[in-house]
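Rule-based calculations on the coordinates, nothing more; no lab input. Bear in mind that the values here come from a model prediction, so they are computed numbers and not experimental data. With ideal geometry, Cβ positions are generated from the backbone for all residues, glycine too; neighbour counts draw on all protein chains shown.
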Amino acid sequence: MGQVERLTKIIELLIQRHPRSADVLLGVVPPPTDDEWLEMLRSSPDDLGVRVRTDPYTDRILSEVIKLDEIHRLIDAAGWESITEAARSIKEFFAEDWKVFCLHCRFVRGESRISDASSLQKVSRRVGLSPNTVSRKRKEIPRRIARDALSGFQAAMKW
């Protein structure tokens, strides 16, 4: 798994587990602390692409420290400022995609229906796109942020 894919998984973890993920990505609030990252890791069943060789003697704390170190390494490779600049530029230049992304993150949570349509169907109707297109756009934004942040274009262009 390449750097872009691993950073994308970290951004996904942030999006799915942090209560103010959009504000964090846009730089409105500070990036998560180590304690917040650990809490997100503990509540996430997702594989972040970090491999930890486990045996009966490896404890949970060592595993968390290794994963946290990988998170820091990937964020440092891009630079937190580059991540927030990438998110801001995507929000500015792809405003409709950002809106779809935010609506999906807010309302589509895999919960049971409370009406005749699923949350995904309601979001897709609201934005006038098919559910597949809404889901695709939701998945594209974190990858685009990771790719743009790691490429360094934001620093070169002085957004």
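Which residues in the stretch 23-41 place their backbone N less than 14 Å from a point set 7 Å from the Cα of residue 60 along the Cα-to-Cβ direction? Residues passing the 14 Å test: 38-41.
Straightening the chain between residue 43 and residue 99 buys 17.5 nm, computed as 0.36 nm per residue apart minus the Cα-Cα spacing.
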